[in-house]
Amino acid sequence: MINLGLIIREEKELENLRKLIKKYPEFKLAVEYTDIDEGLKKLETNNIEVIILDTEFDINIITLAKKMIQEDNSKVLILLAKEGDLAVEAFEAGVLDYLIKPVLERRFQVTAERIKKTFNSFTYGGVVDRFVHKQILFQDVSRIPVWKEGYILLLKHQLILYCQVLNKKAMIYTKDDSYEYSGTLSELDEKLKGYNFFRCHKSYLVNIDHIKRIIPWFKQGYLIELEGAEKVEVPVSRHYSKGFKKMLNL
C-alpha cells in the first residue's frame with residue numbers, strides 16, 4: 001500500500017482526486033489539506049510516500065518543491081496546476097509528475113503508473129530499495145525536459161544528435177523528431193556537460209558520439225555530418241574550432 005497525501009486549495013479538485021485515487025487499490029489516501037501551512041507541518045509527522053501539491057498557493061512553489069525534495073528524498077512529489085508554465089522547472093527540480101486541472105482519468109492513469117513504477121523498481125519491495133530508486137530518479141540530470149504537442153517529455157541525453165537556436169528558441173533534435181526546450185542553449189550546454197556534448201557554434205550544440213564525418217570549411221571552420229541526420233550539416237565556427245580539434249585530438 002502506497003500512502004498519498006493531498007495539499008489542494010480547491011475543494012472541487014480535491015474531490016476529483018479522491019475519486020481518482022479510490023480506483024487504485026494500491027493507493028491509500030492517508031491525509032488531505034486545503035491549507036498549505038497546516039499540510040506541510042502535518043506531513044512531517046505522517047508516513048506519507050507521495051504528495052500531490054497544488055501550485056496555486058501564495059508561495060514560490062518551485063523553491064518549495066526543491067526544498068522538499070532536498071530535505072526528504074523518501075517522498076515523491078507531484079505538482080498540480082492550472083497551466084503548464086512551470087512544468088519544465090518542476091521536472092528539473094525533481095518532481096515525479098506535473099498535472100493540469102481538472103485532472104482527467106486517463107491522465108491520472110499515467111501518473112498512477114509512474115508512482116507504481118517508482119515504488120516497484122529496484123524491487124525487492126523494501127523501503128531501502130525504493131529510497132535508492134528515488135535518489136537515482138531525482139539526480140538523473142541526463143534526462144532533459146522538453147515540450148512536444150502540449151506534453152512534457154523527459155528525453156534521454158543519448159538520443160540527442162544536436163541542439164540549435166531557431167527563431168530565438170532552443171530546439172533539440174533526435175534521429176526521429178525535434179523538441180522545444182524552454183531554456184537557453186547555454187543552459188542546455190551546462191546541463192549536458194560531462195555527456196560528450198560540445199558547443200561548436202553560438203547557435204549549435206553537438207553530441208560528439210553521433211559524429212559521422214568532419215569536413216574542413218572556410219576560415220578554419222568545419223562542417224559536421226551526423227549519424228541519423230543525413231541532410232544536416234552542423235557548423236563549427238572559427239571561434240570554437242580550436243577547442244573542437246583539442247577535444248577530438250585532431
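The values are calculated or read from the model by the stated rules, or taken from the named source; none is laboratory data. This is a predicted model, so every value here is computed, not measured. Positions of Cβ are backbone-derived with ideal geometry, glycine not excepted, and every protein chain shown enters the neighbour counts.
The table that follows gives values for the structure above.
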{"item": "Count of residues meeting criterion [crowded, with 18+ Cβ neighbours inside 10 Å, of a type in the set (D, E) and in a loop (DSSP other than H, G, I, E, B)] in segment 23-78", "result": "1"}
{"item": "Test: residue in segment 68-76 that is within 16 Å of the chain's Cα centre (by Cα) and closer than 19 Å to K19 by Cα", "result": "no"}
{"item": "Qualifying residue in segment 100-114 (condition: among the polar types (S, T, N, Q) and touching a Lys or Arg at 6+ places or on another chain (Cβ under 6 Å))", "result": "no"}
{"item": "Residue within segment 161-172 that is at pLDDT below 90, on the phi < 0 side of the Ramachandran plot and not charged (D, E, K, R) present", "result": "no"}
{"item": "Selection count, segment 215-241, where residues are free of Cβ contacts under 8 Å to residues at least 24 places away in the same chain, in a strand (DSSP E or B) and surrounded by fewer than 18 Cβ atoms within 10 Å (Cβ to Cβ)", "result": "7"}
{"item": "Test: residue in segment 145-159 that is in contact (Cβ under 8 Å) with a residue 24 or more places away in the chain and among the hydroxyl-bearing types (S, T, Y)", "result": "no"}
{"item": "Residue in segment 121-139 that is at pLDDT 85 or above and not hydroxyl-bearing (S, T, Y) present", "result": "no"}
{"item": "Residue ID - surrounded by the most Cβ atoms within 10 Å (Cβ to Cβ), chosen from residues in segment 6-22 that are outside any helix (DSSP H, G or I) and at pLDDT below 95", "result": "R9"}
